[in-house]
Amino acid sequence: MGVTAVDLATLLGFLGAFGVVAAAIFFGGSALVFFNIPSILIVLGGTFLVVLMKFSMSQFFGAFKVATRAFIYKLEAPEDVIPQIIELSTIARKEGMLALEQAEVKNSFLKQGIDMLIDGTKPEVIKNLLMKDMQQTVDRHKWGAKVFSASGDVAPAMGMIGTLIGLVQMLSSMDDPKAIGPAMAVALLTTLYGAVFANMVALPIADKLGLRKVEEGRLKAICIDGVIGIAEGQNPRVLEPLLKTYLAPSRRDRDEGGGEAADAPQEQAA
Amino acid sequence: MGVTAVDLATLLGFLGAFGVVAAAIFFGGSALVFFNIPSILIVLGGTFLVVLMKFSMSQFFGAFKVATRAFIYKLEAPEDVIPQIIELSTIARKEGMLALEQAEVKNSFLKQGIDMLIDGTKPEVIKNLLMKDMQQTVDRHKWGAKVFSASGDVAPAMGMIGTLIGLVQMLSSMDDPKAIGPAMAVALLTTLYGAVFANMVALPIADKLGLRKVEEGRLKAICIDGVIGIAEGQNPRVLEPLLKTYLAPSRRDRDEGGGEAADAPQEQAA
Amino acid sequence: MGVTAVDLATLLGFLGAFGVVAAAIFFGGSALVFFNIPSILIVLGGTFLVVLMKFSMSQFFGAFKVATRAFIYKLEAPEDVIPQIIELSTIARKEGMLALEQAEVKNSFLKQGIDMLIDGTKPEVIKNLLMKDMQQTVDRHKWGAKVFSASGDVAPAMGMIGTLIGLVQMLSSMDDPKAIGPAMAVALLTTLYGAVFANMVALPIADKLGLRKVEEGRLKAICIDGVIGIAEGQNPRVLEPLLKTYLAPSRRDRDEGGGEAADAPQEQAA
Amino acid sequence: MGVTAVDLATLLGFLGAFGVVAAAIFFGGSALVFFNIPSILIVLGGTFLVVLMKFSMSQFFGAFKVATRAFIYKLEAPEDVIPQIIELSTIARKEGMLALEQAEVKNSFLKQGIDMLIDGTKPEVIKNLLMKDMQQTVDRHKWGAKVFSASGDVAPAMGMIGTLIGLVQMLSSMDDPKAIGPAMAVALLTTLYGAVFANMVALPIADKLGLRKVEEGRLKAICIDGVIGIAEGQNPRVLEPLLKTYLAPSRRDRDEGGGEAADAPQEQAA
Amino acid sequence: MGVTAVDLATLLGFLGAFGVVAAAIFFGGSALVFFNIPSILIVLGGTFLVVLMKFSMSQFFGAFKVATRAFIYKLEAPEDVIPQIIELSTIARKEGMLALEQAEVKNSFLKQGIDMLIDGTKPEVIKNLLMKDMQQTVDRHKWGAKVFSASGDVAPAMGMIGTLIGLVQMLSSMDDPKAIGPAMAVALLTTLYGAVFANMVALPIADKLGLRKVEEGRLKAICIDGVIGIAEGQNPRVLEPLLKTYLAPSRRDRDEGGGEAADAPQEQAA
């Protein structure tokens, strides 16, 4: 059963890191100088507009929807899918493929494979089709991560462009030496914004989305191995250890009913 | 049916990003200091001339023609090609390969494959030939993106060279301390130009052209799978889901007559 | 026999490098200016929180446990495993597979393979299963190294963010010219901390963990080759040189009873 | 027929880029400050000596000979080789392999393959041998590009070393504040030289040599496919489109007698 | 016959590059300011200690032994090994495998293969074993290059750490404005040392060791192809051109008795 869970690591990391930076700013005196709307516009606006150029409308806006998956996600744990596959394999061996029609399969990707088994599709065809499907899914999920990793590349560049504009403006009209300091402070702000957005927002989200892609790919790989195992009439006792190689050793002998921590489904990616 | 469409993402991103930078310049006072013809010449001229060294005349000038495809493009949507392939496959199974001669095939790559089927060419030979063709097409399109990505590498270097020349000139004749500021402002301009051209023009165009390459590659991969499926006499009901694995799940069951947004053909790349 | 050993290279390198840096600090006068708690918090705290965003809770905390393996580790030397495999192979050829049940196999991965041999599992199935297991183990160990290498990427960025915050604060309130020097010194501290943590802690640990992964992968590869050799009834005299290709030439003819230096098991990774 | 041609792209780019930089220098006043023999020695001399360390004598000096190929080159156009292969294939089918002995084959690589056909060597052996030859040729040509790309890496580093030496000298004897400017100008010169040499000489030559390697590799691939096609007695009408997949579509139907521009042979690399 | 030879390229490059830098230092006045023991300690000592953390004791110290191979080396020239293989192949065809026992084989890797031929080992087994041996040798030699390339990465970082320490010390106690210049000169020294050590020592040695690895790999590949050719009873006239594809064309028809330059064995790597 897929569980919708908050990714505590992303949430705590995000709030904590911004908390630390905010503390450094407030600790140092006037925090107001760190807030400059034109600088925010040039860095954030410029970054998003440049990244938009690099992708399609739907990739770009899709990435923001996908980004929520860095914070909240829904993924069946491999530990829950494997026993289900073993059960299906036992049914198939005892009562034949057609008996699988009665079984309730929750994972839609696994269901797709089982349905083809019931229809009598050849194992090679099933494998070919499921593999392509897995590959395409992984490809598609890759784009969400790519939009954010492109933002992480562009943001420091936009920050530098903003700082250069500020420096040129300051240097070309250096009448009052007292104004140099504050003008340079403002010029540096865009570099700061670019570094903060890239390193504390865009790149971590890109990496977390990459992790989701790996988790989903592995879950689908387990389903493919399982369906092919059933199709070939493999003994459930041979199939089970094969599927469990996808799990960390500490999780292999685990009972289903454990009081798992919120981030349990992620651990298999470790 | 290939549709010529404006790539709104490239256009909006381009205009928006330059708008943001222009706003930052005008907001800060005199915009004239940001306009310096010798600096533009050294950065843009130098970049294009160095990039010309790296490629051939026809690759270089071809890249500018290809670059328009980042803004305006023409590509058949996979959703439109797949039903056509299924139709051809149904005809071939019912009435034989020769009946395909009557069918109207708009996509020229698909037509090439179907013509070989009608001629009775062996499936392996067809696959081999179409695969090589696809590979060569992708290779050729790669060069357009390469010219722009090389420009994105060279431009900041030319900007730095311009700034170094300016600094050496300023430092070697520092008679009037008041002239230092404006002289340094001018020296920094080439770095600014290089950063703007690389990050807001050259690299985004290179990335968008890379995206076009992926889209075209996938469309051709669908055609190859389709032609081979027809050649092997595969059941259209088996062929259809196989070809649809290339589409995002949300698009698989779509009716042809939808009111698609302008950037629809791109979404499959997502 | 797996030996728990201190990795002298990691330990000496770590203590020595910090000793050199500490000497440079104390040698230069007041060491107190180099100790600034807010700067430590923003660099170390910020780095760990941002890295936490990129991984899952269990990957993140697991990495610290795994990090101890950079200093202390337990790995059977391939030189000790190979004679054991040869012995098992001799038994299997002389007395049959079932005789292996009597043999004491200490390496748990090797034991898993031998147990399957005794159960009469087919060689292809054994190879497939052990290969997958090896791959998954390597994948899992990879994450520990990844957490530290991500820390090595993030720490300099957090150092730069800290320095930028300090510079903006200093520049925006430049009343007392005498305060500029010390304020800038403090601003630079975060860059220093970031460089020290990345280059002298995070990246070396990531690299050492990568080395452990290679060593473990090779030990498992030896076991797989050995088990398959036994399964195919290969002559121990053919099997031995094959397995010894995994060793450096200088170690191939070594007697088991040598007075090996503490870091002996590592040398094979050379 | 191989044609010796000047690569206009390299020549125009090279002269133009140096013209732009020279204009920027003369435009800014005294050009003499930009000419400093010790700085030239440390950057160019240092770069070549360090690069010499990285390669062998013959690789290093061979690279300079190869570098002329970035400006002047001799390569048969694939459009000229393909009809020749088709002709040979027609002869072989009509009159047998031995009739090929009469044919005049200009391309030496193609000749090598045809000679083996006449000798009755097995197709697999021919393919194996020609493939290895192609691979080795590509490998060898790679080194020329590598020497220049290494120079492009080392030159900026030598420029930085020169600037650091200049800065240390200036800072350690800052008696006359007026001398600081000119001293710093000289110190910056090595950085400028390093950037100019790397970005406007070494890297473009490395890239152009890489392009030559691709062109030569493709010509040899066409010859291999052609020889194997002849060996297998393939129909010239099947062989021709297969070989033409190596050409850009615009060139496939071209008549041999066109008035091609000087850089025509390069276009196929596009 | 392996010849021990001095690698003139490494030696001349090394002495020349340091000569150029030394000239730049002496030319600029007092050379003493460039010599600072604590700065040397922090850069060289720190670099070696950090690199030690990344490898094992034996890899680290082994790398220094291997590094001498960048200056002095011993490798049989492929041109000398190929005729020997052809001779062995002629003997084997005329007088049978057992006659090979009489032949004197100097190259120990080739001898290993020939010995297995005499023992009647199956070609597949020989190939498998020799390939693994070659792979493991290449892997092991890789580590020497890795230690130096890691040093090339770490040294500039240690240089920056040293400079940051110096800057913090200078800025935190800026009492005497006259002392700023010399203090900053000393602070910059570590950056200079790091750049010199990385670019003029560590990275060139790493690259030269990488070249040795390629040469040795090719020599072993020639031996494997030769032994397999003999095992399959290939005609020496077929075997010779196959093995000669590993040589540059200019060397293929060379007589053994040429007056080769000292660096001759390297040229084949070109």
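The values are calculated or read from the model by the stated rules, or taken from the named source; none is laboratory data. Predicted, not measured: the structure shown is a model, and the values here were computed from it. Here the Cβ is made from the backbone with ideal geometry for all residues, glycine too, and neighbour counts use every protein chain on show. The accessibility values were calculated without ligands, DNA or RNA, using every heavy atom of the protein model including side chains. Shrake-Rupley method; radii C 1.70, N 1.55, O 1.52, S 1.80 Å.
Could you tell me how many cubic angstrom of Cα convex hull volume the protein assembly as shown has per residue?
Cα-based convex hull of the protein assembly as shown, divided per residue, equals 204 Å³.
Annotation: per residue accessible area for the protein assembly as shown equals 42 Å², rounded to a whole number [probe 1.4 Å, protein chains only]. Scanning chain D for the beta carbon that comes closest to the axis linking it by rotation to E yields D:P177, 9, distance in whole angstrom.
Specify the inter-centroid distance of the stretch A:93-139 and the stretch E:125-153, based on alpha-carbon positions, in whole Å. For the stretch A:93-139 versus the stretch E:125-153, the Cα centre distance is 44 Å.
Calculated mean residue ellipticity at 222 nm for the protein assembly as shown: -23500 deg cm²/dmol, from DSSP H runs with n ≥ 4 weighted as -39500 (n - 2.57), summed, divided by the residue count and rounded to 500. As a length-normalised measure over Cα pairs under 8 Å and 6 or more apart, the relative contact order of the stretch D:1-99 settles at 56 percent. Each residue of the stretch D:104-121 was assigned a 3J(HN,Hα) from its phi angle through the Karplus expression (A = 6.51, B = -1.76, C = 1.60, θ = phi - 60°), giving 9, 10, 7, 5, 5, 5, 4, 4, 4, x, 5, 4, 5, 4, 4, 6, x, 5 Hz with x at Gly and Pro. Please say if the stretch A:65-193 is rounded, prolate or oblate, where rounded means a/c under 1.5 for a ≥ b ≥ c the square roots of the C-alpha gyration tensor eigenvalues, and otherwise the choice is prolate for a/b larger than b/c and oblate otherwise? Prolate, since a/c reaches 1.5 and a/b exceeds b/c.
Placing unit charges on each Cβ (+1 for Lys and Arg, -1 for Asp and Glu) gives chain B a dipole about its Cα centre, and among B:G13, B:L219, B:Q84 the Cα reaching farthest toward its positive end belongs to B:G13. Amide H contacts of E:L247: none lie under 5 Å away among residues 5 or more positions distant or on a separate chain (H built 1.01 Å from N in the peptide plane; Pro and chain starts excluded).
Phi angles across the stretch D:82-98 convert, under the Karplus curve 6.51 cos²θ - 1.76 cosθ + 1.60 with θ = phi - 60°, into 3J(HN,Hα) values of 4, x, 5, 5, 4, 4, 4, 5, 5, 4, 4, 5, 7, 10, x, 4, 5 Hz, Gly and Pro given as x. Projecting 7 Å from Cα along the Cα-to-Cβ direction, the label point of E:E124 sits 1.4, 1.4, 2.2, 2.2 nm from its equivalents in the other copies, listed shortest first.
Computing Rg and the Kirkwood Rh from the Cα coordinates of the stretch B:1-159 gives a ratio, Rg/Rh, of 1.17. Magnitude of the charge dipole for the stretch C:1-140, about its Cα centre and with charges confined to Cβ atoms of Lys, Arg (+1) and Asp, Glu (-1), is about 480 debye. For the residues of D:170-178, the average number of beta carbons from a partner chain within 10 Å of their own beta carbon is 5.
Could you check how much of the accessible area of chain C is carbon and sulfur, as a whole percent, using a 1.4 Å probe?
Summing carbon and sulfur atoms, their accessible area is 63 percent of the total for chain C.
Restricting the stretch A:52-130 to GluC sites (Glu not before Pro) that sit in a DSSP loop and have at most 13 other Cβ atoms within 10 Å of their own Cβ leaves A:E104. The value of relative contact order for chain B, using C-alpha pairs under 8 Å at least six residues apart, is 32 percent. Please work out whether the stretch B:1-51 counts as rounded, prolate or oblate from its C-alpha gyration tensor, where a ≥ b ≥ c are the square roots of the eigenvalues and a/c under 1.5 means rounded, while otherwise a/b larger than b/c means prolate and anything else oblate? The shape class here is oblate. For C:V21, the accessible surface of its heavy atoms amounts to roughly 10 Å² (probe 1.4 Å, protein chains only, rounded to the nearest 10). Could you compute how much accessible area chains B and A hide from each other, both sides summed, with a 1.4 Å probe? Nearest 100 Å² is fine. About 3700 Å² of accessible surface is lost on pairing.
Across the options D:T137, D:I114, D:L98, the greatest Cα extent toward the positive end of the charge dipole of the stretch D:89-152 (unit charges at beta carbon of Lys, Arg, Asp, Glu) belongs to D:T137. Whole-Hz Karplus values for the stretch C:160-165 come out as 5, 4, x, 5, 5, 4 Hz, taken residue by residue from phi with 6.51 cos²θ - 1.76 cosθ + 1.60 and θ = phi - 60°; glycine and proline positions read x. Annotation for B:E101, label-to-label distances across the other copies: 4.5, 4.5, 7.2, 7.3 nm (shortest first, one decimal, point 7 Å from Cα along Cα→Cβ). Overall, the protein assembly as shown carries a charge dipole of about 1040 debye about its Cα centre when +1 sits on the Cβ of Lys and Arg and -1 on the Cβ of Asp and Glu, all other atoms neutral.
What separates the E:A22 label point from its copies, with the point 7 Å along Cα to Cβ, is 3.7, 3.7, 6.0, 6.0 nm, written shortest first.
If R₀ is 30 angstrom, what is the calculated FRET efficiency for the pair D:D139 and E:A23, using the beta carbon separation as r and rounding to 0.05? The value I calculate is 0.20. Three principal axis extents of chain B based on alpha-carbon atoms, in descending order, are 91, 38, 24 Å.
For peptide D:4-17, compute the average count of partner chain beta-carbon atoms within 10 Å of each residue's beta-carbon.
On the way: counts 0, 0, 0, 3, 3, 12, 6, 2, 5, 11, 4, 2, 7, 13.
Partner-chain Cβ atoms within 10 Å, mean over residues of D:4-17: 5.
For the listed peptides A:128-137, A:182-191, a ranking on the average number of other beta carbons within 10 Å per residue, highest first, reads A:182-191, A:128-137.
Residue by residue along C:195-204, Cβ atoms of other protein chains within 10 Å of the local Cβ number 5 on average.
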